[in-house]
Amino acid sequence: MGTMTATAPAAGSALSEPVVVRYAAAGVMLFAVVGALASPHGPVVGWAGAVAAIAVAATLLLAGVSGVVLHGGLLLIAAALTVQSAGVSSTLGWMGFCLIAVWAGVSSPPRMVVATTAVLLSVFVVQFAADPSEPGWAAWSTGTLFSAVTCVFARKLVVTLAELRDAQQELAIRSREEERARIAAEIHDVVGHALTVTLLHISSARLALDEGPEVAGAALAEAERLARAGLDEIRAGVGLMRADGHPALAPLPDAAALPALTDSYRKAGVDVSLAVTGDLSGVGGTHGLVLYRIVQEALTNATRHTAGQPVSVRVDAGADNITADVENECAGTPVTDTGPGLPRH
């Protein structure tokens, strides 16, 4: 049986959204150029800051770094942008701070984003303290903070969605495995019962050849009937699994079929008795099928492993619960089984 595994991104790993990171890096480079063109400190300082910011951003993007190295590089970009635009809040070079916050927010855990955002905001605080007459520092601070908070929540949402997808996949895999186990147990019960009782009748027919063809013919007819009934049950089980809308060819057995079940073993020569307390017709279809399969498997095990011993079946269909006791004399050492059916004791 094949298995599928899926791993959610760890809390400290980068999101699988490289497009957002590329756009953030491209935006940082673009506004570094804009800041150089509008730098109040002249083209030399402006372009030196732009070249430094672009070089660091390109290196971080191509190297695909994360963690402390990434945030160190982002702060170097912020330093370069500060050099080229310091003292003037009206230049768009400060938009690079908002994009740095986006880059950090989609690539790192919240605690690292908080630390980097705090450093970015401290730059605006220092700028405001140096020149309170500049009106734009509050706006840039708000924009940077908003970008960081939005991306942190977006990253958390994406991680949560990835975890939910993995949980759904795991649940689907587990459901398929449980359904396969249920189908295997169902087929085991049906085939095991049908073959065991059919073999009993065939053996009876072989032994009855000396007594006359009528007795042997009756045993073979009963074996044929049981084989056909078992085949119908298998077809019914397969029909329930079909998705093309075709109905099952025969209804699945329920609690009301227990007398017929024990009677089939009795006709095959097994000394089996059935005692029922309560009304079997009141047992629901699902519970009735489970009860039928339990008794069926117990009788099959008793017939296969303690042939010739009498078997007693007692069923109590109460209002709150249903109990079934199947007992027989077991000679020798008890045997345990790890197959798909009931364990033998």
- Item | Filtered residue count, region 16-30, keeping only those that are open to solvent by 20 Å² or more (accessible area, probe 1.4 Å) and touching a Phe, Trp or Tyr at 6+ places or on another chain (Cβ under 8 Å) | 1
- Here is a list of conditions, (1) modelled with pLDDT under 90; (2) surrounded by fewer than 16 Cβ atoms within 10 Å (Cβ to Cβ); (3) assigned to a helix (DSSP H, G or I), and S133 meets all of them except one; can you say which number that is? (3)
- Message: Restricting to region 305-322, name every residue that is open to solvent by 60 Å² or more (accessible area, probe 1.4 Å) and in a strand (DSSP E or B).
- Response: R314, D316, I322
- Within the set of pairs 6 or more residues apart or between chains, which connect a residue that is without any contact (Cβ under 8 Å) to a residue 24 or more places away in the chain inside region 136-149 to a residue that is surrounded by fewer than 16 Cβ atoms within 10 Å (Cβ to Cβ) and assigned to a helix (DSSP H, G or I) with Cβ atoms less than 8 Å apart? S141/V125
- Pair list, Cβ < 8 Å and 6+ apart or interchain, from region 204-229 residues that are in a helix (DSSP H, G or I) to residues that are modelled with pLDDT of 70 or more and open to solvent by 100 Å² or more (accessible area, probe 1.4 Å): E222/K267
- Query: What is the residue count in region 233-256 for residues that are at pLDDT 70 or above and in a helix (DSSP H, G or I)?
  - Reply: 2
- Given the conditions (1) modelled with pLDDT of 90 or more; (2) closer than 30 Å to P135 by Cβ, which single one is not true for S90? (1)
- Task: Consider only pairs whose beta carbons are under 6 Å apart and that are at least six residues apart or on different chains; among these, list those whose first residue lies in region 294-321 and is farther than 13 Å from G269 by Cα and whose second residue is loosely packed, with under 14 Cβ neighbours inside 10 Å and of a type in the set (S, T, Y).
- Result: S312/S273; D316/T277; D316/T323
- Item | The lone exception for V283 - which of (1) touching a strand residue (DSSP E or B) at 6+ places or on another chain (Cβ under 7 Å); (2) closer than 30 Å to A216 by Cβ; (3) modelled with pLDDT under 80 it fails | (2)
- In region 257-291, what residues are of a type in the set (G, A, S), open to solvent by less than 60 Å² (accessible area, probe 1.4 Å) and part of a helix (DSSP H, G or I)? A257, S264, G285, G288
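The values are calculated or read from the model by the stated rules, or taken from the named source; none is laboratory data. The structure presented is a predicted model; accordingly, all values stated were derived computationally and were not measured. A quick note on method: Cβ atoms are made from the backbone with ideal geometry, for glycine too, and the neighbour counts reach across all protein chains shown. Calculation scope for accessible area: heavy atoms of the full protein, side chains included, ligands and nucleic acids excluded. Shrake-Rupley method; radii C 1.70, N 1.55, O 1.52, S 1.80 Å.
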